[in-house]
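Participant: Structure incoming, see below.
What follows is calculated from the coordinates using simple rules that are stated; it is not laboratory data. Just so we're clear, the structure is a prediction, and the values are computed from it rather than from any experiment. A quick note on method: Cβ atoms are made from the backbone with ideal geometry, for glycine too, and the neighbour counts reach across all protein chains shown.
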């Protein structure tokens with residue numbers, strides 16, 4: 001202590017997964033500056049995978065030690081849900097990096113533009129493509145994004161929450177605009193995501209300011225204490241709660257804050273779409289639960305009706321609008337929206353440990369398991385999408401998938417299995433996940449939501465099965481797209497997604513137990 005300043009205490013051991021990811025991301029930036037271009041792709045890939053594996057090891061140690069503490073002067077909660085979420089994010093990022101590194105399915109080039117600054121169709125772009133120039137910056141950008149997601153899921157302070165949101169959002173805005181093919185639609189997706197994301201961030205920031213004005217603190221625990229002791233100021237509290245909900249629900253992709261999802265999913269490079277669809281939703285859902293369970297749990301009766309409405313709209317819109325889609329990526333985008341609604345049913349149930357459980361399934365446990373099962377199936381499904389190609393690149397129009405089962409039974413069967421998992425068919429991970437979240441919601445007294453969710457699941461099953469019928473029971477057209485032979489990276493990504501989807505459906509016990517051990521959020 002000098003001149004009245006006290007150095008903050010940082011728990012480096014407990015925060016090691018975060019520090020490793022951000023440290024490797026910074027090292028990746030230095031690689032771009034000092035390593036020769038010809039070696040950058042290999043160096044970045046090895047560095048990124050090594051960093052993720054090191055972070056996984058540190059995270060597993062924290063899980064085995066059942067670490068629970070408030071680190072960084074109370075700003076970061078290293079508790080069961082946070083550490084479990086870190087592990088999910090790191091594993092799914094590792095699979096996503098394999099897709100990012102794939103170069104064998106499209107003439108030795110990756111899915112990313114050679115020069116992002118080059119005008120689409122220009123001579124500069126053609127020269128970059130001919131020279132096989134690559135944007136190896138995608139690797140540190142991805143690491144910054146996942147580091148921000150990890151921090152977001154563990155934020156115990158509203159200011160840290162906002163900083164984490166921007167840390168993982170800005171790299172995603174860039175990654176969405178880097179598609180090598182269909183550059184214009186990719187750039188449009190990045191612009192839409194950036195503008196709407198900035199708008200949602202403004203809502204969140206304004207809500208944080210109002211809650212700070214009400215409670216006099218940014219700490220989630222401090223806000224909860226203020227709710228328990230303070231009288232008056234209900235208007236500013238409700239306004240802040242509503243604005244924060246808008247900012248967080250935007251990242252979740254919930255209706256009516258979902259309009260960016262189909263456009264961005266369609267326009268972004270497909271490996272980035274898979275990474276976003278799985279990891280962003282995981283971080284956003286856990287961040288939403290932490291803020292509303294820990295800080296605003298005392299006003300549950302004020303904000304719960306709003307989430308009932310949002311959950312119903314999200315499930316209904318996602319399930320019904322998906323039926324009208326003719327593009328595979330847009331269909332999966334609306335499927336993602338519907339899944340956000342199913343997750344919100346467990347959120348609304350608030351079946352916290354000690355407030356009523358059924359068969360040991362709590363709200364947090366159910367959501368964690370659902371996120372695991374959804375994440376693996378999602379990345380696997382988008383990995384399959386990258387393999388169905390024609391002269392223009394990925395053939396994503398549904399009509400181009402007709403007869404795919406006759407041309408490549410293995411690939412079509414794999415995609416069909418992922419679709420059945422999304423539909424929640426028994427013996428898949430999706431069935432166990434939906435059973436868990438519906439049980440948690442029913443326990444919390446939200447049985448009307450469960451009834452609506454089951455009906456929406458039946459509607460959603462229609463468009464999933466429609467694609468399966470199209471692949472296996474339609475004639476193979478003369479101009480059918482090719483099925484690319486995957487490199488080991490994509491093959492491994494699809495294989496890991498498929499194995500996880502099967503195992504989580506047949507033997508869900510270990511992951512459910514691990515999610516149960518995570519316990520509840522601390523404050």
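Participant: Using a cut-off of under 15 Å, list every residue of region 283-325 whose amide N is near the label point 7 Å from the Cα of residue 466 along the Cα-to-beta-carbon line.
Facilitator: Those under the cut-off are 317-325.
Participant: Turning to a different aspect of this structure: Does anyone have the angle between helix 220-229 and the longest principal axis of the chain? Alpha-carbon axes, 0 to 90°, nearest 10?
Facilitator: With both axes taken from Cα atoms, the answer is about 40 degrees.
Participant: A follow-up question, please. Given the Cα-Cα distance of residue 26 and residue 60 and 0.36 nm per residue of separation, how much length would full extension add, in nm?
Facilitator: 9.9 nm
Participant: What ranking, highest mean first, results for peptides 281-293, 9-21 when packing means the other Cβ atoms within 10 Å averaged over each residue?
Facilitator: In decreasing order of mean packing, 281-293, 9-21 become 281-293, 9-21.
Participant: Which of rounded, prolate, oblate describes the chain, given a ≥ b ≥ c as roots of the alpha-carbon gyration tensor eigenvalues and a/c under 1.5 marking rounded, otherwise prolate only if a/b is larger than b/c?
Facilitator: It comes out oblate by the Cα gyration axes.
Participant: Could you tell me the calculated FRET efficiency between residue 230 and residue 73, based on Cβ-Cβ distance and R0 = 35 angstrom, to the nearest 0.05? Walk me through the intermediate numbers first.
Facilitator: Working: r = 23 Å, r/R0 = 0.66.
Approximately 0.90, to the nearest 0.05.
Participant: If you average the sequence gap of Cα pairs under 8 Å that are 6 or more apart and divide by the length of the chain, what percent do you get for the contact order?
Facilitator: RCO, the chain: 16 percent.
Participant: Rank by packing, highest mean first: peptides 103-110, 334-341, 427-434, with packing defined as the count of other Cβ atoms within 10 Å averaged across residues.
Facilitator: Details: 103-110: 15.9, 334-341: 26.4, 427-434: 24.2.
By packing density, highest mean first, the sequence is 334-341, 427-434, 103-110.
Participant: Follow-up. What residues from region 490-507 fall in the zone where the backbone N is under 15 Å from a label point 7 Å along the Cα-to-C-beta line of residue 427?
Facilitator: 501-507
Participant: Further, regarding this structure: Sticking with the crude label model, points 7 Å out along Cα→Cβ, report the distance from residue 485 to residue 117 in nm, one decimal please.
Facilitator: Computed distance between label sites residue 485 and residue 117 equals 3.9 nm.
Participant: Here is a follow-up. Full extension from residue 326 to residue 451: what is 0.36 nm times the residue separation minus their Cα-Cα distance, to one decimal in nm?
Facilitator: 42.2 nm
Participant: Can you sort 85, 386 from fewest to most other Cβ atoms within 10 Å of each residue's own Cβ?
Facilitator: Working: 85 28, 386 25.
With the sparsest Cβ surroundings first, the list reads 386, 85.
Participant: Here's something else I'd like to know. Expressed as an acute angle from 0 to 90° and rounded to the nearest 10, what is the orientation of the C-alpha long axis of helix 158-176 relative to the principal long axis of the chain?
Facilitator: Orientation of helix 158-176: about 10 degrees from the principal axis.
Participant: Can you put 425, 465 in order of Cβ neighbours within 10 angstrom, beginning with the fewest? Could the numbers behind the result be given before it?
Facilitator: Working: 425 18, 465 15.
Result, fewest neighbours first: 465, 425.
Participant: Which order, highest average first, do 66-76, 158-168, 142-152 follow once you tally other Cβ atoms within 10 Å for each residue and take the mean per peptide?
Facilitator: Final packing ranking: 142-152, 158-168, 66-76.
Participant: If you don't mind, there's one more thing I want to ask. Specify the angular offset, from 0 to 90 degrees and rounded to the nearest 10, of the alpha carbon long axis of helix 183-215 from the longest principal axis of the alpha carbons in the chain.
Facilitator: Helix 183-215 sits at roughly 0 degrees to that axis.
Participant: In terms of the ratio Rg/(2.2 N^0.38 Å) built on C-alpha atoms, what value belongs to region 77-194?
Facilitator: Details: Rg = 16.6 Å, N = 118, 2.2 N^0.38 = 13.5 Å.
With N residues counted in region 77-194, Rg over 2.2 N^0.38 Å equals 1.23.
Participant: When the helix-only estimate is applied to the chain (DSSP H runs of n ≥ 4, each -39,500 (n - 2.57), divided by the residue count), what is the mean residue ellipticity at 222 nm, nearest 500 deg cm²/dmol? Walk me through the numbers on the way to the answer.
Facilitator: Numbers: 21 runs with 357 residues, N = 523.
Mean residue ellipticity at 222 nm (helix-derived): -23000 deg cm²/dmol.
Participant: Which order do 522, 244 fall in if you start with the one that has the fewest other Cβ atoms within 10 Å?
Facilitator: Ordered from fewest to most neighbouring Cβ atoms within 10 Å, 522, 244 come out as 522, 244.
Participant: For residue 458 and residue 239 in the same chain, what is the full-extension length gain: residue separation times 0.36 nm, less their Cα-Cα distance, in nm?
Facilitator: On the way: separation 219, 0.36 × 219 = 78.84 nm, distance 3.63 nm.
Here the segment from residue 458 to residue 239 would lengthen by 75.2 nm.
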